[in-house]
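Down below is the structure, laid out as structure tokens.
The values are calculated or read from the model by the stated rules, or taken from the named source; none is laboratory data. Treat the numbers as computed from the prediction; the structure is a model and nothing was measured. Every residue, glycine as well, gets a Cβ built from its backbone with ideal geometry; the counts of neighbours run over all protein chains shown. The area values use the complete protein model at the heavy-atom level, side chains included, leaving out ligands, DNA and RNA. Shrake-Rupley method; radii C 1.70, N 1.55, O 1.52, S 1.80 Å.
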Amino acid sequence: MAHGGDAVIRIENLYKEYVTDAGPVPVLHGISVTVHAGEFVAVMGPSGSGKSTLMNIVGCLDTATSGSYFLNGRDVGHLDRDELAHLRNQVIGFVFQGFNLLPRASIADNVALPLIYRGTAGGERAERAKDMLVKVGLGERLNNRPNQISGGQQQRVAIARALVTDPRLILADEPTGNLDTHTSQEIMTLFSELNGRDGITIVLVTHEPDIAQYAQRLVRLTDGNIVYDGPVAEALPHHLERTT
Amino acid sequence: MIRAMLGEAWMAMGANRLRTLLTMLGMVIGVSAVILMLAIGQGAQQRVQESIASMGSNLFIVLSGSVTSGGLRMGGGAAASLTLADAQAIEELPSIAAVAPSAPGTAQLVYGASNWSTQVIGTTPGYLTVRDWRLESGSAFADSDLRSATRVALLGKTVVRNLFGEGDDPVGKTIRIRNSPYVVLGVLASKGQSLDGRDQDDTVIVPVTTAQRKLFGTRVAGSVRMIMVQAESAEAMPSVEKAMTDLMRQRHRIREGADDDFTIRNLTAAADAAEETAKVMSLMLGAIASVSLLVGGIGIMNIMLVSVTERTREIGIRMAIGARGRDILLQFLLEAIIISVIGCLIGVLLGVGGALAVNRLSGTAVVVTPSSIVMAFAVAAAVGIFFGWYPARKAASMKPIDALRYQ
Ligand SMILES: Nc1ncnc2c1ncn2[C@@H]1O[C@H](COP(=O)(O)OP(=O)(O)OP(=O)(O)O)[C@@H](O)[C@H]1O
Ligand SMILES: [Mg+2]
């Protein structure tokens, strides 16, 4: 692929199986994929195909059963809990479908939270949280609780929280899954800006072709295998024709 | 970092105020119980020490009759074996500070329209030295009073209060003891309660010769109930005891191998034992109260475990944005410690307040020592850490993805 950047994510022959009471459930069957700096990748696939499983491993929230995963060239498989926490804090920004904000904390405190774990001083924390909220268009609502703002606004807060540590990689698992079309487009515009203007690498899971359109590259998963990996433009017109 | 963590812990506690308060209550009760019990124990200990101090130091009591190995006094009072002459002989021994023979009895006292029944002790001026007892007014009787068995008396404060009422100076007045007139020479300073709870001020002192010849009479001429002996120093006590035993055996003509017909009791040793008993009691009260502290600690652990389960998702979110195990551990540990320390603070206030109330209401001496407060704080912090550790550890060791997925 004609991307100039270094490999941010390099996955080789990744297997994942969940151990359940009924025995092991294989989910990812030897996936290999590389994402370079500055790319905007959409991951699609039917429900249960393993998209979230893959994202959780890439986001250092979960570990693979076998295979290797290099993040910025570092072999993540050999890191301990604290080092993984460090990566989640410093390198990756994660955005969830369900927002995952702390309900009891104010919006500003939610955004400042990752900075606590990197030891940033109180004054600077508040400053940066405010800057980030302004950047996502929520500069007026600093002292509101998450349940006092709309879903789209909550997702903006979650994005601000992911951005506050200046990560070079944003992972988003169905960030617009709980939002209406209009709000989804606003959120996607925000992601496009982050990718285009700030050069942040983005990997985003979605079910909707309209959302995937914002990305340049599409990875399609089926039953734990990659069945397509190429430009969005080539894959989706066909898809759009079929749905319309 | 710690400041931010404290803020977070505070917020989490505020989110469930009633529960936090109830958890704290266990701690409050535990700490206040410990403080109060220790204070009561300390008070008892102090009272024992004061009584011991009022008894006089380095004291022996020589009694007639012997003690068998079983501790039963044999032939006590059967033979009135101690006499005034024995007391005078003991006084000649080395390292003796003072000797006071004592012939006590009970008698009816009358002054004007008041009458009072009390203990009358026939003794020598040495008694005041031995008992370390001062005169508040007047003077003690002299050796001449002893020789001629004059009718003079020294009165304790309680006797004065009951015969004369307030404000009347008894010195120089004449009272009647068993219908004979006695001149009051002096009033004894107040001494308070004895070790066994008797009022030591409810006493009249007369010359021993007067008691023997005019007041109570004796079966054997010159016999006394007991002889109090004060050694010059604590170090001299063993040698004094030995010398007295030898002297008494010789004077009473007791053959080699035969039992003594007298008993020498070391009061200082008995006092030490009483003090030891009070100390043990104090410790036991504290130990019993500590059980409630333990129960309070278990309460904290219980609530923290519930809290960790309830907040599993929160833990997952925190981990997802970079909290390390130790950050989560610290957060929950801080919560447990804050609860126990604040509970302890309230408990100390309640305990001290309770001790003051007991002081005021019952008049029982209750003593709160700073060390018991320091100890209560240390224990509370330790309880917080000890019982907070397991739930905090449990929270910290969760896998991020499992915590996030927890429903
Ligand atoms: N913790 C788990 N234990 C056992 N099986 C699991 C677990 N998590 C996911 N799975 C299984 O793994 C498979 C893939 O799940 P995953 O969540 O990755 O799918 P997905 O592609 O994200 O689906 P969706 O589009 O519905 O979000 C599913 O069959 C699911 O049942
Ligand atoms: Mg999913």
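Which value at 222 nm does chain B reach when only helices count, each DSSP H run of 4 or more adding -39,500 (n - 2.57), with the total divided by all residues and rounded to the nearest 500 deg cm²/dmol?
That calculation yields -18500 deg cm²/dmol at 222 nm.
Rounded to the nearest 0.05, what FRET efficiency do A:N13 and A:E83 give with R0 = 22 Å and r taken as the Cβ-Cβ distance? Could you check?
0.45
May I ask you to compute the full-extension gain from B:A273 to B:K242, defined as 0.36 nm times their residue separation minus their alpha-carbon distance, rounded to one decimal in nm?
Net length gain for the segment: 9.0 nm.
Taking 0.36 nm per intervening residue step and subtracting the Cα-Cα distance, what contour gain separates B:D168 from B:W389 on full extension?
My answer for the length gained is 72.5 nm.
Given R₀ = 22 Å, FRET efficiency for A:D166-A:R74 by Cβ-Cβ distance, to 0.05?
After rounding to 0.05, the efficiency reads 0.75.
Tell me, what is the percent relative contact order of the stretch A:7-239, built from C-alpha pairs under 8 Å that lie six or more residues apart?
So the answer I get is 27 percent.
Would you mind checking the pairs A:K16/A:K51; A:K51/B:K399; A:K51/A:K130 and listing those with alpha carbons more than 22 angstrom apart?
Going by Cα-Cα distance, A:K51/A:K130 fall outside the 22 Å limit.
Going 7 Å from the Cα of A:Q90 along its beta-carbon direction, which residues of the stretch B:319-338 have the amide nitrogen within less than 16 Å of the resulting point?
Once the point is set 7 Å along Cα→Cβ of A:Q90, B:321-325 turn out to lie under 16 Å by backbone N, inside the stretch B:319-338.
In what sequence, largest accessible area first, do B:L25, B:L215, B:L349 appear using a 1.4 Å probe?
B:L349, B:L25, B:L215
Tell me which GluC sites (Glu not before Pro) from the stretch B:245-305 have a DSSP coil assignment and no more than 16 other beta carbons within 10 Å of their own.
Listed in order of number, the matching sites are B:E256.
Distance in nm between label sites at B:T369 and A:N143, each 7 Å beyond Cα in the beta-carbon direction?
5.2
Given a 1.4 Å probe and the protein chains all in place, what does the accessible area of B:I254 round to, in Å² to the nearest 10?
30
As a test of reading the structure, rank A:H86, A:H29, A:H36 by solvent-accessible area (1.4 Å probe, protein chains only), most first.
From most accessible down to least: A:H86, A:H29, A:H36.
What is the interface area between chains A and B, defined as buried accessible area summed over both chains with a 1.4 Å probe, reported in Å² to the nearest 100?
2300
Taking the dipole about the Cα centre of the stretch A:1-115, with the C-beta of Lys and Arg at +1 and of Asp and Glu at -1, give me whichever of A:V27, A:S49, A:L102 is farthest to the positive side.
A:L102
Tell me the label-point distance for the pair A:T181, B:R253, using the 7 Å Cα-to-Cβ offset, in nm and rounded to one decimal.
13.4
Once both labels are modelled 7 Å past Cα along the beta-carbon direction, what's the A:T20-B:R161 spacing in nm?
In this crude label model, A:T20 to B:R161 measures out at 8.7 nm.
How much accessible surface does B:D259 have with a 1.4 Å probe, in Å² rounded to 10?
My reading of the accessible area for B:D259 is about 120 Å².
Carbon and sulfur together cover what percent of the accessible area of chain A at a 1.4 Å probe radius?
The value for chain A is 48 percent carbon and sulfur by accessible area.
When only the heavy atoms of the protein chains count and the probe is 1.4 Å, how do A:D6, A:D210 rank by accessible area, highest first?
Reading off the accessible areas and sorting them downward yields A:D6, A:D210.
Would you compute, from DSSP H runs of 4+ residues alone, the mean residue ellipticity of chain A at 222 nm, taking -39500 (n - 2.57) per run and dividing by the full residue count, rounded to the nearest 500?
Result for chain A, helices only: -11000 deg cm²/dmol.
Taking only C-alpha pairs under 8 Å that are 6+ residues apart, what is the relative contact order of chain B in percent?
Relative contact order, chain B: 29 percent.
For peptide A:82-93, how many partner chain Cβ atoms fall within 10 Å of a residue's Cβ, on average?
Taking all residues of A:82-93 together, the mean is 4.
Three principal axis extents, largest first, for the C-alpha atoms of the stretch B:80-260, in Å?
58, 35, 31
Counting only the backbone N, which residues of the stretch B:166-194 are under 18 Å from the spot 7 Å out from the Cα of B:S144 toward its beta-carbon?
Hits in the stretch B:166-194 for B:S144 at 18 Å: B:172, B:183-186.
Compute the acute angle (0 to 90°) between the alpha-carbon long axis of helix A:107-116 and the principal axis of greatest extent of the alpha-carbon atoms of chain A; round to the nearest 10°.
So the helix axis and the longest Cα principal axis differ by about 70 degrees.
Which of the lysines could a cross-linker bridge to B:K157, judged by Cα under 28 Å and excluding same-chain residues fewer than eight apart?
B:K173, B:K191, B:K214
Got a sec? Which residues in the stretch B:343-362 would a label at B:V295 touch, if it sits 7 Å along Cα→Cβ and we count backbone N under 20 Å?
B:343-352, B:354-355
Given the options B:Y111, B:G197, B:V159, identify the residue whose Cα lies farthest towards the positive end of the charge dipole of the stretch B:80-260 (+1 on Cβ of Lys, Arg; -1 on Cβ of Asp, Glu).
Ranked along the dipole, the leading option is B:Y111.
Between the stretch A:58-78 and the stretch B:151-182, what's the alpha-carbon centroid distance in Å?
101
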